[in-house]
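Peer 1: Handing you a structure now.
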Amino acid sequence: MNTKVTDIKSKRRKPRRPSEPNLDRIAQGVRLILEGMGEDPNREGLRETPRRVAEMYAELTAGMREDPSEHVVPLSGDKHDEMVIVKDIAIASLCEHHLAPFVGKCHIAYIPKNGNIVGVSKLARLAETFARRLQLQERLTSEIANTLFDLLQPLGVMVVVEAEHTCMTLRGVKKSGAMTVTSAVLGGFRKDPRTRAEAMALITGRA
């Protein structure tokens, strides 16, 4: 198992400026790639491929045009003071180094402050928004944690991402099944090893 741990301090980041994808330009690039492979992009099976690939990349990067702060809104009237964990959130993202997918799971834990909580589905949407961008797994992990910590202002946040990178399993060293694990730890989880260990035990099912 390939493990990378990020222990970070929170700071607000300026949101990326959204821009609509240019499907025609992407399709043109795909045609050049096909030609570079020695293929004929005009043959029957490939005629629609450039457009299909353009639409696929537009979908896989949809998070670039979304505001993650929309998903971190405290629930009015609902209060909870104990640890909240949503685990096994399926994610799929594109490694910005090779434009190859990495696929895995995201686990989000936080300790509410003053009882403020968000809907559990919003945590999944927060992870999805950041995953649907050109990404590095380390940055993805930190962005989810920082955004939740900054906007909800809980006592602590911990995010763990486990993913398999096709740029490593299908090419290069070709180590199928190798998983990369990254974590971001903020607030109470960072300060208290026992609280951090409790959250990890609940995430891994070894409580």
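Peer 1: What is the residue count in segment 134-146 for residues that are open to solvent by less than 10 Å² (accessible area, probe 1.4 Å) and closer than 26 Å to Ala178 by Cα? Even if it seems obvious, please write down each step before you answer.
Peer 2: If we filter segment 134-146 for residues that are open to solvent by less than 10 Å² (accessible area, probe 1.4 Å), which is where we start, we get 135, 137, 140-141, 144-146.
The next check asks that each one be closer than 26 Å to Ala178 by Cα; those that pass are 135, 137, 140-141, 144-145.
Residues meeting the conditions: 6.
Peer 1: Looking only at segment 134-166, how many residues end up being within 15 Å of His97 (Cβ to Cβ) and either assigned to a helix (DSSP H, G or I) or free of Cβ contacts under 8 Å to residues at least 12 places away in the same chain (or both)? I'd like the intermediate steps shown before the answer.
Peer 2: Here is the first cut: in segment 134-166, the ones within 15 Å of His97 (Cβ to Cβ) are 134-140, 163, 165-166.
Then drop every residue that is not either assigned to a helix (DSSP H, G or I) or free of Cβ contacts under 8 Å to residues at least 12 places away in the same chain (or both), which leaves 137-140, 166.
Total satisfying the criteria: 5.
Peer 1: Looking only at residues in segment 39-68 that are of a type in the set (S, T, N, Q) and within 25 Å of Cys95 (Cα to Cα), which one is farthest from the chain's Cα centre (by Cα)? Even if it seems obvious, please write down each step before you answer.
Peer 2: Of the residues in segment 39-68, the ones of a type in the set (S, T, N, Q) are 42, 49, 61.
Then drop every residue that is not within 25 Å of Cys95 (Cα to Cα), which leaves 49, 61.
Working: Thr49: 27, Thr61: 11 Å.
Taking the candidates together, the pick is Thr49.
Peer 1: Across segment 93-115, what is the number of residues that are at negative phi and either without any contact (Cβ under 8 Å) to a residue 40 or more places away in the chain or outside any strand (DSSP E or B) (or both)?
Peer 2: Count: 5.
Peer 1: Separate question: In segment 167-187, what residues are modelled with pLDDT of 95 or more and either part of a helix (DSSP H, G or I) or more than 19 Å from the chain's Cα centre (by Cα) (or both)?
Peer 2: Selection gives Gly187 alone.
Peer 1: Considering only residues that are open to solvent by 30 Å² or more (accessible area, probe 1.4 Å) and within 22 Å of the chain's Cα centre (by Cα), which ones fall in segment 93-120?
Peer 2: Initial filter on segment 93-120 (open to solvent by 30 Å² or more (accessible area, probe 1.4 Å)): 96-99, 101, 103, 105, 113-114, 116, 120.
Residues satisfying the conditions are Glu96, His97, His98, Leu99, Pro101, Val103, Lys105, Val120.
The values are calculated or read from the model by the stated rules, or taken from the named source; none is laboratory data. Predicted, not measured: the structure shown is a model, and the values here were computed from it. In this analysis, Cβ positions are derived from the backbone assuming ideal geometry, glycine residues included, and neighbour counts consider all displayed protein chains. Note: accessible area is taken over every heavy atom of the protein model, side chains too, but ligands, DNA and RNA are not part of it. Shrake-Rupley method; radii C 1.70, N 1.55, O 1.52, S 1.80 Å.
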